[in-house]
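Asker: Just dropping this structure here.
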Amino acid sequence: MEAKYCYWSVATGPYAAWMERCAASAQAAGVSKEFHVLADQEIAGCECYDAMDVDLRDGMARFVYLKAAISKLHFDHYVWVDADTVFTRNPDRLLGTLGRGPIHVPLGERVDHLPEDASLRGLSPVRYHELMRKAGVYNQIHASRSAFWIVKRAAVDVVCELAKHHYAITKTCGEAPHGDAALGYAMQMLCGDPQAHLASRRPDLWWSDESGEFAAPDPLADGWDPRMPSAPRTQAAPPALVHMPVRRRREMSGSAVAVEAVPALG
Amino acid sequence: MKRKLAVFGAPSSVGGAATKIRDLIRLLRFDFDIGVYVAGNGFSKNQDVVRSVEYEGVALRHRSQFDKHPADVALAVCELDFFSSGIAAEITKGGTRLVWSNDMMWEFKGEAEAVREGLVSRVIFVSDVQRTAFLDMYMGIEQRLIPNYVAPGSFPLVERKSSTFAIGRLSRPDPVKYPKDFPVFYESLGLEDVCYRVQAWSEELRKKYAWHRFGPEWNLLPANKIPAAEFLSQLDLFVYPLGNGFVESWGRSTVEAMLTGCVPLVPRGHNFEQMMLHGESGFICGSFAEFKVVTQELFGNRALRLQIGRQAAHHARTVLCNEEEHRMMWLEALTF
């Protein structure tokens, strides 16, 4: 029997408009899956639930929402998308990214290959590496974000426990914990083979436009230029899901909402 | 006249400490008059225990009988209540020298106090990894490093002929010995038509991995379902990822696997560097990627697999479990 999944997210304040665009782009691309969103207002195209007054700053709230709310929905898998994501088409073999594992978070570069002065949510690559090792990661450690990830319903508890464990270790070591690292930790503890989860293994599926090239006024009309410096190079068509943090920041800084005042979700 | 040795701990063919005691009795039976002291009352009816002491000059007794049979030296192996029960103090008050072998990576209840009170004359460590863990506690106490001895005769070399390729592991069903991603780890090795065999599996482990769907390729056996030698001889590869943060003090099942001709693939660290030559008698893997490369190479190359298996068995027999070398180490450790 085919596994059932839904998309979910958290979108409060100015993110609500982005979430609406995300859901609209999905619908336009032929996506028929449901969108379940923790929000502070109604969002067209989404099933919305009261996000209540939860502190979103350290990125850990998503685990609370996942365990306390989203996991009560009867799906086999939950697919998180950041609100500032657009669908260019209906993704193919989405759950295939899980392989044999219960979670998929697209992994980026190996942390020990990053420049020394790189910052991973305020941590140097060396420190990030140390904390992951201390928490028990055995394999090479990869950087990761949390703009798109999938978790199997049966693994929600273990993912949340691992995230909390990493959070506690980071805090004990005198650093500021963040949900991105906690999620990356849970992923790298549960994935078996990290190589199978590299973002580059599925260039057709998801891409984060970190340099803002895919950021013309109408993202769906932008077209796709594989010559863009950070674009996946192996295909002529854009990935099914494009995360657009730069564009979102540009638009938000142009509005009344200061970028710094917006909780970082992606 | 032979010296009198009191051994505390129940020998049997099941479990790490019990098999160690069984093999030590066999190894030292010509050098000592051995009294084997057990804590419970049911042991004299346990045929496995009784068979383990069926040698001339070896007697099985209840702990309470120790004062009627004073010994020159007492050896206690991995007895959980050995210090907390007060028996350690009883033994030593009559002048018997106590040699203690904990075998684990954690201290037992009352162990630190007993060391401070001077009850332990000499401590045996099974590896440098274990010695390091107890560095502070045993400061100033005589120490010996004697790796475990597994009787090679109990684990004969078996040439693998099964048509289904099998990988697996043998260990206590302790969840800390299993990595968080254990079933995914095995399944991600990328092998086709493979059987995954695990002993021992338990309800606790089932709960730990409740998020995973174990298919028919998995053979999860409860503790002692199949004798260790038989179980290991049915594996082609002994693939042994360990729990995150767990440290193996020695690695008995790895050596047992090697004796049967099973190729061991183990994680870096622990005591495994002392057990095998990487690429000759086993493989020490620093990451999942290394486990995968080696597994796939061995899966596709039967001749290489058999060759490494034979070399592992030879190394285990001649180097790790050399009977005479172990006997000499123990004689020295039990002589004051």
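The values are calculated or read from the model by the stated rules, or taken from the named source; none is laboratory data. Just so you know, these numbers come straight off a predicted model, no measurement behind them. When we count neighbours, we look across all protein chains shown, and the Cβ atoms used for this are built from the backbone with ideal geometry, even at glycine. Keep in mind that these areas ignore ligands, DNA and RNA; they rest on the heavy atoms of the full protein, side chains included. Shrake-Rupley method; radii C 1.70, N 1.55, O 1.52, S 1.80 Å.
Asker: Sort out which residues of region B:132-147 are open to solvent by less than 50 Å² (accessible area, probe 1.4 Å) and in contact with an Asp or Glu (Cβ under 8 Å, 6 or more places away or on another chain), and write them in order of number.
Answerer: If the condition is that a residue be open to solvent by less than 50 Å² (accessible area, probe 1.4 Å) and in contact with an Asp or Glu (Cβ under 8 Å, 6 or more places away or on another chain), then B:Phe134, B:Met137 are the ones that fit.
Asker: List the number of the failed condition for B:Ser253; all other conditions in (1) within 14 Å of chain A (Cβ to nearest Cβ); (2) part of a helix (DSSP H, G or I) hold.
Answerer: (1)
Condition check ((1) outside any loop (DSSP other than H, G, I, E, B); (2) modelled with pLDDT under 95) across all residues:
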site	(1), (2)
B:Val158	no, no
B:Tyr196	yes, no
B:Leu220	yes, no
B:Phe231	yes, no
B:Glu248	no, yes
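Asker: Could we say that A:Phe63 is farther than 17 Å from A:Ser146 by Cβ and surrounded by 19 or more Cβ atoms within 10 Å (Cβ to Cβ) here?
Answerer: no
Asker: In addition: Do we have B:Arg327 as over 22 Å from B:Pro152 (Cβ atoms) and open to solvent by 10 Å² or more (accessible area, probe 1.4 Å) here?
Answerer: Judged against the criteria, B:Arg327 is not a match.
Asker: (1) in a loop (DSSP other than H, G, I, E, B); (2) among the β-branched types (Val, Ile, Thr); (3) open to solvent by less than 40 Å² (accessible area, probe 1.4 Å): which one isn't true of B:Ile308, the others all being true?
Answerer: (1)
Asker: List the number of the failed condition for A:His197; all other conditions in (1) under 18 Å from the mean Cα position of the chain (by Cα); (2) away from chain B (no Cβ under 14 Å); (3) open to solvent by less than 10 Å² (accessible area, probe 1.4 Å) hold.
Answerer: The number of the failed condition is (2).
Asker: Mind checking which residues of region A:37-60 are of a type outside the set (S, T, N, Q), open to solvent by 10 Å² or more (accessible area, probe 1.4 Å) and more than 17 Å from A:Cys160 (Cβ to Cβ)? Talk me through it step by step, then tell me what you get.
Answerer: Restricting attention to region A:37-60, the residues satisfying the condition of being of a type outside the set (S, T, N, Q) are A:37-40, A:42-60.
Still in the running and open to solvent by 10 Å² or more (accessible area, probe 1.4 Å): A:40, A:42, A:44-50, A:52-58, A:60.
Of everything in region A:37-60, those that are of a type outside the set (S, T, N, Q), open to solvent by 10 Å² or more (accessible area, probe 1.4 Å) and more than 17 Å from A:Cys160 (Cβ to Cβ) turn out to be A:Asp40, A:Glu42, A:Ala44, A:Gly45, A:Cys46, A:Glu47, A:Cys48, A:Tyr49, A:Asp50, A:Met52, A:Asp53, A:Arg57.
Asker: May I pose another question? Within region B:11-39, which residues are without any contact (Cβ under 8 Å) to a residue 60 or more places away in the chain and part of a strand (DSSP E or B)?
Answerer: Answer for region B:11-39, where residues must be without any contact (Cβ under 8 Å) to a residue 60 or more places away in the chain and part of a strand (DSSP E or B): B:Asp33, B:Ile34, B:Gly35, B:Val36, B:Tyr37, B:Val38.
Asker: Just one of the numbered conditions (1) within 15 Å of B:Ala6 (Cβ to Cβ); (2) basic (Lys, Arg); (3) under 21 Å from the mean Cα position of the chain (by Cα) is not true of B:Lys93; which one?
Answerer: In the conditions (1) within 15 Å of B:Ala6 (Cβ to Cβ); (2) basic (Lys, Arg); (3) under 21 Å from the mean Cα position of the chain (by Cα), B:Lys93 misses (3) alone.
Asker: Sticking with this structure for a sec: Is it true that some residue in region B:211-222 is within 14 Å of chain A (Cβ to nearest Cβ), surrounded by fewer than 19 Cβ atoms within 10 Å (Cβ to Cβ) and either among the hydrophobic types (A, V, I, L, M, F, W, C) or touching a residue at least 24 places away in the same chain (Cβ under 8 Å) (or both)?
Answerer: At the first step, the residues of region B:211-222 found to be within 14 Å of chain A (Cβ to nearest Cβ) are B:211-215, B:217-218.
Checking the rest, the ones that are also surrounded by fewer than 19 Cβ atoms within 10 Å (Cβ to Cβ) come to B:213-215, B:217-218.
Still in the running and either among the hydrophobic types (A, V, I, L, M, F, W, C) or touching a residue at least 24 places away in the same chain (Cβ under 8 Å) (or both): B:214, B:218.
Checked against the condition, which is being within 14 Å of chain A (Cβ to nearest Cβ), surrounded by fewer than 19 Cβ atoms within 10 Å (Cβ to Cβ) and either among the hydrophobic types (A, V, I, L, M, F, W, C) or touching a residue at least 24 places away in the same chain (Cβ under 8 Å) (or both), region B:211-222 yields at least one hit.
Asker: Taking strands (runs of 3 or more DSSP E) that fall entirely within region B:51-117, which contain at least 2 residues that are open to solvent by 20 Å² or more (accessible area, probe 1.4 Å) and touching a residue at least 24 places away in the same chain (Cβ under 8 Å)?
Answerer: Correct list: B:58-62.
Asker: Among what's in region A:1-30 and is farther than 16 Å from A:Asp82 by Cβ and open to solvent by less than 60 Å² (accessible area, probe 1.4 Å), pick the residue that is modelled with the lowest pLDDT.
Answerer: My answer is A:Ala3.
Asker: Then there's this: When you scan region B:270-300, how many residues do you find that are at pLDDT below 95 and among the aliphatic types (A, V, I, L, M)?
Answerer: Counting residues in region B:270-300 that are at pLDDT below 95 and among the aliphatic types (A, V, I, L, M) gives 0.
Asker: Shifting gears a bit: Where in region A:105-192 are there strands (runs of 3 or more DSSP E), lying wholly inside it, with at least 1 residues that are free of Cβ contacts under 8 Å to residues at least 40 places away in the same chain, away from every other protein chain (no Cβ under 14 Å) and more than 24 Å from B:His270 (Cα to Cα)?
Answerer: Result: A:107-110.
Asker: Quick check on my filter: what residues within region B:175-194 are part of a loop (DSSP other than H, G, I, E, B) and out of contact with any Leu (no Cβ under 9 Å at 6 or more places or on another chain)? Show your work before the answer.
Answerer: Within region B:175-194, the first condition is being part of a loop (DSSP other than H, G, I, E, B), and the residues that meet it are B:178-181, B:188-193.
Those that are part of a loop (DSSP other than H, G, I, E, B) and out of contact with any Leu (no Cβ under 9 Å at 6 or more places or on another chain): B:Ser188, B:Leu189, B:Gly190, B:Leu191, B:Glu192, B:Asp193.
Asker: Of everything in region B:165-185, what is buried (at least 22 other Cβ atoms within 10 Å of the Cβ), farther than 17 Å from B:Ala210 by Cβ and of a type outside the set (A, V, I, L, M, F, W, C)? Give them in sequence order.
Answerer: Listed by number, the residues that qualify are B:Gly168, B:Arg169.
Asker: Among the residues of region A:136-143, is any open to solvent by less than 10 Å² (accessible area, probe 1.4 Å), within 30 Å of B:Phe214 (Cβ to Cβ) and hydroxyl-bearing (Ser, Thr, Tyr)?
Answerer: no
Asker: Out of the residues in region B:133-178 meeting the condition of being touching a helix residue (DSSP H, G or I) at 6+ places or on another chain (Cβ under 7 Å) and of a type in the set (Gly, Ala, Ser), tell me which one is nearest to B:Phe108 (Cα to Cα).
Answerer: The extreme case among them is B:Ser171.
Asker: Here's something else I'd like to know. Which residue is nearest to the other protein chains (Cβ to nearest Cβ), if the candidates are limited to region B:266-281 and must be crowded, with 24+ Cβ neighbours inside 10 Å and within 26 Å of A:Leu190 (Cα to Cα)?
Answerer: Here the answer is B:Val266.
Asker: Which one is nearest to the other protein chains (Cβ to nearest Cβ) among residues in region B:153-164 that are touching a residue at least 24 places away in the same chain (Cβ under 8 Å) and surrounded by fewer than 19 Cβ atoms within 10 Å (Cβ to Cβ)?
Answerer: Filtering region B:153-164 for residues that are touching a residue at least 24 places away in the same chain (Cβ under 8 Å) and surrounded by fewer than 19 Cβ atoms within 10 Å (Cβ to Cβ), the one nearest to the other protein chains (Cβ to nearest Cβ) comes out as B:Thr164.
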